[in-house]
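Comments concern the structure below.
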């Protein structure tokens, strides 16, 4: 495999080739070279979602009339190579129009009723990778590779909600499993969960086969597609970098600013995506996908500053490849300085590894397979089943429809719990300036956990036996653990465990019942403990009870070995009135296991923090990190909580990256407010040679003593990189 991309940034840019005259091709190459980019987008075909025309002689596509007798793709590639640039081209593998569909109906993704998925982007079709469509795409890939293209980006493939029930998928699934594809979404049915995995595997198989065909022909072309980096489960589109890893030369994840309402998009979204990718990519480069447009209004661009904020989050968290949409980097002098500086100090950026000692787990499998019936829905479900058994009262089709609606709604609520728990911890760690990694299911193993002092499992409900043993061994050997809600209660495919696999580590006996939703209820602090030290309690009652708002959902749990720090009160019939009695069910449990410590929240604690922002909860999360992690902080700073700080370490240096989220009242915004005179106190084993602010191009004065390095950054704009050399 070629290694031109190893340990260096990949800067991708586009150009306007116009009529593809030789003069225009050379102009685009010269512009890319002047912009200091090393990867240039070349065009392999023209047309639209109905008709595509190759810019070369193709066996798959008709040739574009404007190409005449020329091979325009080869000409673009050779011009770029003469200038020392590598090339990438784009292939659509997911979105087609009516005319294309009418010619290839047998390739289309279809629903269980046999009708095609025709609502893509409002109206459009997608093809299934288990049909002969795959052969068409492999031919195109090989044709493009033969012309010397270095990287092929596949936009797709993906599956879409309700798909795919084509004859090829039905046949393959039944051969693999011995029974038909379930006709509808039902997360209580193991067969449905196997279908979800089948969809992931189908896309992974397509990408692996594409790689294999390239290598069999002797091509070194890199092949990759887009995956989900979203802060939400990805089963509905089957886009997973973890599952498709073997078929990807580059790990690419979408981290688009606005594919939903702006107030639903965390400002730290691109940092999340980059952190997660770094846990998955291993020796492969990671491409951070950003959008220049305010979707779904693709002709409306986002503000330059917001686009640039996404890019610097990639710099601060370890991205290797950036797509340069042009306007932000050219429009803002500050942005040009960031990326020119990154190029100048490229080796420092690329050779450093995260120095975080805290790992927050984002479990895609939990997002996929965690499913629970809400406690308040139990009576509703029982009544619904009674009604469905009365044909005279309700028709079978209507009953099925209502049941499907209920299951979809419950699945959404289950996903919401998982997302909110993860988001709550992520934001809290940022606000507390605790350096941390975001790791995937793949990294929950004994080898990868060795580098950390603390692991956080935010409702990581679905865990394999191997993952459970890795966590248990980690804590037993002296590591710290923070976990919430139904962590380890299911296996990796969503089958219920009884008891939860990590109950012994938590020091509890977990029951099956859940209290909630608790809309205006309280928990009481029962024990003086480091976990609640310094908590500015909402209220101390006349009876001397120290009470705090309770989480929204609480598992009915019995403490077997741990210390119940807080207990839940009985649900109150109304928000006003006397306090209710204690239930005896804990909301915070502290325990020791082997040489390690564990904090277990048998409730949606971090989700409640995410939704309501209780500062008491923020303090408890910080205390939990410090107590269970045996003091994981090596850094103290007076930076405002709107400044993200990441720490990387090289062979003889450290790098601190600062991203400034101090923006206006709401998004979108067009300004980030600078922060001045930020002080740092960093634990250090030796005295440094230099401390320098790279984008300011300014050496900083520093002092060293008693094992600590101290210095002040005079000004932070949008981004800064601090280099400490020893």
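The values are calculated or read from the model by the stated rules, or taken from the named source; none is laboratory data. Computed from a prediction, not measured in an experiment: that's the story for all the values here. Here the Cβ positions follow ideal geometry from the backbone for every residue, glycine too, while neighbour counts run over all protein chains shown.
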Subject >> Looking only at region 325-345, and only at residues there that are modelled with pLDDT under 70 and under 16 Å from residue 12 (Cβ atoms), the one that is nearest to the chain's Cα centre (by Cα) >> reply: 325
Subject >> The listed residue being without any contact (Cβ under 8 Å) to a residue 24 or more places away in the chain, assigned to a loop (DSSP other than H, G, I, E, B) and surrounded by fewer than 19 Cβ atoms within 10 Å (Cβ to Cβ), out of 517, 571, 542, 536 >> reply: 542
Original post:
Could you give every pair whose Cβ atoms fall below 8 Å, whose first residue belongs to region 230-244 and is within 9 Å of residue 200 (Cα to Cα), and whose second residue is part of a loop (DSSP other than H, G, I, E, B), counting only separations of at least 6 or pairs across chains?
Top reply: 237/158; 237/159; 237/160; 237/161; 238/158; 238/159; 239/158; 240/234
Subject >> Residue match in region 129-137 (condition: touching a strand residue (DSSP E or B) at 6+ places or on another chain (Cβ under 6 Å), within 15 Å of residue 168 (Cβ to Cβ) and either modelled with pLDDT under 95 or not in a strand (DSSP E or B) (or both)) >> reply: yes
Original post:
Can you find a residue in region 382-402 that is at pLDDT below 90, surrounded by 18 or more Cβ atoms within 10 Å (Cβ to Cβ) and not in a loop (DSSP other than H, G, I, E, B)?
Top reply: yes
**OP:** Scan region 28-77 residue by residue and report those that are surrounded by fewer than 16 Cβ atoms within 10 Å (Cβ to Cβ) and assigned to a helix (DSSP H, G or I).
**Re:** 30, 31, 34, 65, 66
Original post:
Which is within 29 Å of residue 365 (Cα to Cα) and over 30 Å from the mean Cα position of the chain (by Cα), of 170, 136?
Top reply: 170
**OP:** Among the numbered conditions (1) under 29 Å from residue 197 (Cα atoms); (2) buried (at least 18 other Cβ atoms within 10 Å of the Cβ); (3) modelled with pLDDT under 95, tell me where residue 294 comes up short.
**Re:** (1)
Subject >> Meets criteria (in contact with a strand residue (DSSP E or B) (Cβ under 7 Å, 6 or more places away or on another chain) and crowded, with 19+ Cβ neighbours inside 10 Å) for residue 484 >> reply: yes
Original post:
Out of all the residues in region 693-707, which are within 34 Å of the chain's Cα centre (by Cα) and either touching a residue at least 60 places away in the same chain (Cβ under 8 Å) or surrounded by fewer than 16 Cβ atoms within 10 Å (Cβ to Cβ) (or both)?
Top reply: 694, 695, 697
